[in-house]
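As structure tokens, the structure follows; a few thoughts come after it.
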Amino acid sequence: MKKVFLPLCLCIVTTSGMMADVNYRTTPQGVVAGPDGSRVAIEWYTPSIVRIYRYPSAEAPAKESLSVIASPEKVKYKVNNKGEELVLKSDRLTVTYNPATDRVSVAETATGRQLIAEKGGTSSFSPFKDHGRDTYQVSQTFILDDDEPVFGLGQHRHGHWSQRGTTQHLEQENMEIAIPIIQSPKGYALFWDNPSATDFTDDASGMTFASKTGDMIDYYVIYGGDADATVAQLRDLTGQAPMFPLWTYGFHQSRERYTSQDELVGTVEKYRSLGVPLDGIIQDWQYWGEDNHQWNAVEFLNPKFPDPAGMMRRIHDLNAHATISIWPSFGPNTSIYRAFEAEDKLMAHKTFPQNGDTRVYNPWDSRARDIYWGYFKRNMMSIGMDGWWLDATEPEHSPIEESDYDYETGMGTFRSLRNSFPLVSVGGIYDHQRAHSGDRRVFILTRSAYAGQQRYGAQSWSGDVEASWETLRRQIPAALNFSLCGIPYWNSDIGGFYTWRDYPDGIKDPAYQELYTRWMQFGGFTGMMRSHGTNCPREIWQFGTAGSPVYDAQAKAINLRYRFLPYIYSAAWDVTNEGASLMRPLYADYASDPRSVSIDNQYLFGKSVLVAPMVTSGVSRDVYLPEGNSWIDFWTGRTIPGGSDIKADAPLDIIPLYVKAGSILPMGPQVQYAAERPWDDMQIRVYPGADGEFTLYEDEGDNYNYEKGRYTTIPMKWDDRSRTLTIEGRNGEFDGMPADRTFRVVLVSPDAGTGMDIDSTTREVAYNGKKVKVKF
């Protein structure tokens, strides 16, 4: 046995004299094997993450991933050269290369269970000219278990939960977010690190990724053991998600479009006068005017917006925030277009609106990103704009000419980088705003995404979907697949963007009123509760007045969102601090229950709440409550055994919600906006039936002081056998922290602590930051 010490790893090499050894050499992170024309490199990033790449040359081509930002750790592993196979083993993963079959496989070290394997002899390099440069079209086929579902691939409108048995073209477009990541309930993910347009196919021959262009086959196997841990490992590899401002978790009203600043401000004023909570108002396009040659000027040129700074002051005086639509394309009569044109930073392809000679900027160029941000800073940050709605970050590309992809970005052709456009465009705004000021957190709403985009303070929505029950149903698997790609925040246009096909009468149609209300309830349990669409207005008063069923059901859904804010904000801290997810598939917690894997119309919201949205017309739906714990109906307090199929009652004002036994839910006060009242008088609901815990998180709400340790956590633990709630001592501090507070603890039952109840209290606890035990 020979020990070899390397700068970034410790490997122990064992060879066998029985057969001819596999020819390989060590590298700082692993090994390279195979003949000169067919190299295989295996690199450890962590004991749980391994990169595998192949290249048809003696030396590896230079490559810098746009998604992966982690550097390889020092990993201890063993190399066993058994003659016919080369085996690399960390304490979590075992990677085997068989040169005879030209196959790499990855298994769990502890059990030897195979996770995923290449299909031998399917590594394909087809010579290809990319704008005159010699490269390849690359593909690789993998073998999965026959009954193994896989999830991910971004967000798509097809409605599939598992991606098995599908063929999909992964290229960014409206309503199609292309992320070449799959995740398996076996506890691993595979990231195909190629940003060019890629075809995914799963059929009898295997699961194949085939990319339009690439110098190498390059993928990562990420092993967590379960869904949450695998997502956390993805974040370790591609970047952590920062905290959004507290106000972004409130309710947002939007439409296509508010035509004047009076209309925009008047909408906020109307919500305040009605007493319906609101935190955000969103301005869509044409605040620059209606001439498409002035498209997306990134300044207020429309005379109906005469005083943008005054508009923002009034919105802020109303304790609301504004987000504005900005595109990556520009009309030729705008200052920003001329600035890009002067430095040759405009791409070649046609884009929306085609009748305005509009062109897209080149976000892969650092100088172009500087120019882009300059207009945000000069014309929007200066007036106090709070958030960015970065629309059409695919970008829009129509009609498509193959020559469009020849455009040289400075980092490669548009063809070779196609799907990473949203990542670099969104990332440019985030990086610039962080460099400009840390006083306000970056908030970006954007229509597209790529692997790693969670690190840029952005969440995506599902694009310009149409209003229908089928579309609403499909939003759930779309969101969950997206979340399993490591990006934790997702939302949709409440009510669907277009109504003209199924609901030409819009809000006058009772059938649409029902659909919209159900979508509103669903929106309350996504990353952002945001009403938006065209064809008809969506403000709550458009549906009636207080006392009418539809109006009251919508107001209830909005108020419910605000009651859940302490829970949601604490879950957001778990996202940032632990690599957690907000919307989670049932199998994330119930992998041992085989039915939980296949359910695509329910999900977990945070760690404690099961959400079963109404996705068909009616007043009831079938719900499956996974086996593993009992469940408590949020609205009735009734306890239901796990593993139960039930018929959930769901009158128009009710979305079926179920809470895990043992959960501790902090319920916020009734407010008009998120920061109206501190959480110094809070109802704490304890759901008996099992032990449980929860950590309440608080900070200053809209700056990055939390990165400097300016935040607090209050751990709470429920011991079901002794019926004791322990509220631990407070950790940390921040400016404005409630030094003393009242926790009104309620032990949930059919008689207390259900639904919108705000008054029930079993025990009132005065809390000053010191540990308290409450026995029931």
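Run the quick spin-label model on ILE400 and ASP751: label points 7 Å from Cα toward the beta carbon, then report their separation in nm to one decimal.
For ILE400 paired with ASP751, the spin-label model returns 6.5 nm.
What does the charge dipole of the chain about its Cα centre add up to, to the nearest 20 debye, if the Cβ of each Lys and Arg holds +1 and the Cβ of each Asp and Glu holds -1?
On the way: 77 positive and 99 negative charges, 382 e Å.
Around 1840 debye, computed over the chain.
Dividing the convex hull volume of the Cα atoms of segment 238-306 by its residue count, what figure in Å³ per residue is obtained?
On the way: hull volume 8.9 nm³, N = 69.
Measuring per residue, one finds 128 Å³ for the Cα hull of segment 238-306.
Normalized C-alpha radius of gyration of segment 467-601, against 2.2 N^0.38 Å?
1.15
Can you give the accessible area of SER273, probe radius 1.4 Å, in Å² rounded to 10?
Ignoring ligands and nucleic acids, SER273 comes out at about 90 Å².
Only sites in a loop by DSSP and with at most 14 other Cβ atoms within 10 Å count here; which trypsin sites (Lys or Arg not before Pro) in segment 710-740 make the cut? Display every interim value, and only then the final one.
Working: sites: ARG710, LYS717, ARG721, ARG723, ARG730; in loops: ARG710, ARG721, ARG723, ARG730.
Counting only loop positions with at most 14 other Cβ atoms within 10 Å, the trypsin sites (Lys or Arg not before Pro) in segment 710-740 are ARG721, ARG723.
Can you give the Rg to Rh ratio of the chain, both from alpha-carbon atoms, with Rh computed by the Kirkwood formula?
Numbers: Rg = 26.8 Å, Rh = 27.5 Å.
The Rg/Rh ratio comes out at 0.97.
Taking a virtual spin label 7 Å from the Cα of ALA204 along the C-beta vector, which residues in segment 101-127 bring their backbone nitrogen under 16 Å of it?
none
Which one of SER329, MET583, THR724 has its Cα pushed farthest toward the positive end of the charge dipole of the chain, where Lys and Arg give +1 and Asp and Glu give -1 at the Cβ?
The residue sitting most towards the positive pole is THR724.
What whole number of Å gives the distance from the Cα centroid of segment 156-182 to the Cα centroid of segment 434-471?
Segment 434-471 and segment 156-182 have Cα centres spaced 18 Å from each other.
I'd like the accessible area for ILE507, computed on protein heavy atoms only with a 1.4 Å probe and all protein chains in place. Round to 10 Å², please.
ILE507 has an accessible surface of roughly 20 Å² with all protein chains in place.
At 1.4 Å probe size, with no ligands or nucleic acids counted, give the accessible surface of LYS78 in Å², nearest ten.
Around 120 Å² of this residue is reachable by solvent.
Top to bottom by accessible area (1.4 Å), largest first, where do LYS119, LYS647 land? Could you put the intermediate results ahead of the total?
Numbers: LYS119 75, LYS647 120 Å².
Output order, biggest surface exposure first: LYS647, LYS119.
Of ASP228, ASP751, ASP236, which has the most accessible area and how do the rest follow, probe 1.4 Å? All intermediate terms of the calculation are to be shown ahead of the outcome.
Details: ASP228 50, ASP751 145, ASP236 85 Å².
Per-residue accessible area, sorted high to low, gives ASP751, ASP236, ASP228.
Return the Rg/Rh value of segment 117-228, two decimal places, where both radii are evaluated on C-alpha atoms and Rh is the Kirkwood radius.
On the way: Rg = 14.1 Å, Rh = 14.6 Å.
In segment 117-228, Rg relative to Rh is 0.97.
Where does each of SER425, SER71, SER123 land when they are ordered by accessible area, with a 1.4 Å probe and the largest first? Please list the in-between numbers first.
On the way: SER425 0, SER71 90, SER123 30 Å².
Listed by decreasing accessible area, they come as SER71, SER123, SER425.
Given a Förster distance of 51 angstrom, what is the FRET efficiency for ASP36 paired with ALA435, based on the Cβ-Cβ distance and rounded to 0.05?
Numbers: r = 45 Å, r/R0 = 0.88.
Once the sixth-power term is evaluated, E becomes 0.70.
Tell me which of ALA612, ALA41, THR248 sits at the most positive position along the dipole axis of the chain, charges placed on C-beta atoms (Lys, Arg +1; Asp, Glu -1).
Result: ALA41.
Taking the Cα centre of segment 427-475 as origin and charging only Cβ (+1 Lys, Arg; -1 Asp, Glu), how large is the dipole, in debye to the nearest 20? Don't skip to the end; give the middle numbers.
Details: 7 positive and 5 negative charges, 40 e Å.
With only Lys, Arg, Asp and Glu charged at Cβ, the dipole is about 200 debye.
Assign unit charges at the C-beta atoms only (+1 for Lys and Arg, -1 for Asp and Glu), then state the dipole size of segment 250-300 relative to its Cα centre in Debye, rounded to the nearest 20.
Details: 4 positive and 9 negative charges, 54 e Å.
Around 260 debye, computed over segment 250-300.
Calculate one ³J(HN,Hα) per residue across segment 628-641 by plugging θ = phi - 60° into the Karplus curve 6.51 cos²θ - 1.76 cosθ + 1.60, and present them in order as whole Hz with x for glycine and proline.
Here the 3J(HN,Hα) series is x, 7, 7, 10, 10, 5, 4, 8, 10, x, 6, 8, 10, x Hz.
What is the packing order of peptides 666-674, 413-421, taking the mean over residues of other C-beta atoms within 10 Å and listing the highest first? Write out the running numbers ahead of the final one.
Values: 666-674: 20.1, 413-421: 23.4.
Ranked from most to least packed, the peptides come out as 413-421, 666-674.
Taking amide H positions as placed in the peptide plane 1.01 Å from N, state which residues far from ASP130 in sequence (5 or more) or on other chains have amide H under 5 Å from it.
Under 5 Å from the amide H of ASP130 lie the amide H atoms of THR135, each far enough along the sequence or on another chain.
Please compute the per residue accessible area over the chain with all protein chains in place, 1.4 Å probe, rounded to a whole number of Å². Intermediate results must be reported in sequence, preceding the final value.
Details: 27030 Å² over 776 residues.
Result: 35 Å² per residue.
Which one of TRP573, GLY120, ILE281 is farthest out on the positive end of the charge dipole of the chain, using unit charges on Cβ (Lys, Arg +1; Asp, Glu -1) and the Cα centre as origin?
The Cα lying farthest towards the positive end belongs to TRP573.
To the nearest µm²/s, what D does Stokes-Einstein give for segment 170-307 at 10 °C and 1.306 mPa s, using the Kirkwood radius over alpha carbon pairs as Rh? List each step's numbers first, then the result.
Details: Rh = 19.7 Å.
Result for D is 81 µm²/s.
In whole percent, how big is the carbon plus sulfur part of the accessible area of the chain, probe 1.4 Å, protein atoms only? Walk me through the numbers on the way to the answer.
Working: 12660 of 27030 Å².
Using a 1.4 Å probe with all protein chains present, the chain comes out at 47 percent carbon and sulfur.
Report, in cubic angstrom per residue, the convex hull volume of the C-alpha atoms of segment 566-654.
Values: hull volume 9.6 nm³, N = 89.
Per-residue hull volume (Cα only) is 108 Å³.
Give me the distance in nm between label points sitting 7 Å out from Cα along the Cα-to-Cβ direction at ARG638 and ASP307, one decimal.
Reported label-point gap for ARG638 and ASP307 is 5.7 nm.
List every residue whose amide H lies under 5 Å from the amide H of ASP386, counting only residues 5 or more places away in sequence or on a different chain, with H placed 1.01 Å from N in the peptide plane.
Counting only residues 5 or more places away or on other chains, the set is ALA322.
Below 8 Å between Cα atoms, with a sequence gap of 6+, how large is the relative contact order for the chain in percent?
Details: 1956 pairs, mean separation 75.1, N = 776.
Relative contact order here is 10 percent.
For labels at GLU341 and ASP262 in the simple 7 Å Cα→Cβ model, what's the distance in nm?
Output for this residue pair reads 3.5 nm.
The values are calculated or read from the model by the stated rules, or taken from the named source; none is laboratory data. Everything numeric in this text was worked out from a predicted model, so none of it was measured. No Cβ is skipped: glycine too gets one built from the backbone with ideal geometry, and neighbour counts run over all protein chains shown. Each accessible area value is taken on the protein alone, full model and side chains, heavy atoms only, with ligands, DNA and RNA left out. Shrake-Rupley method; radii C 1.70, N 1.55, O 1.52, S 1.80 Å.
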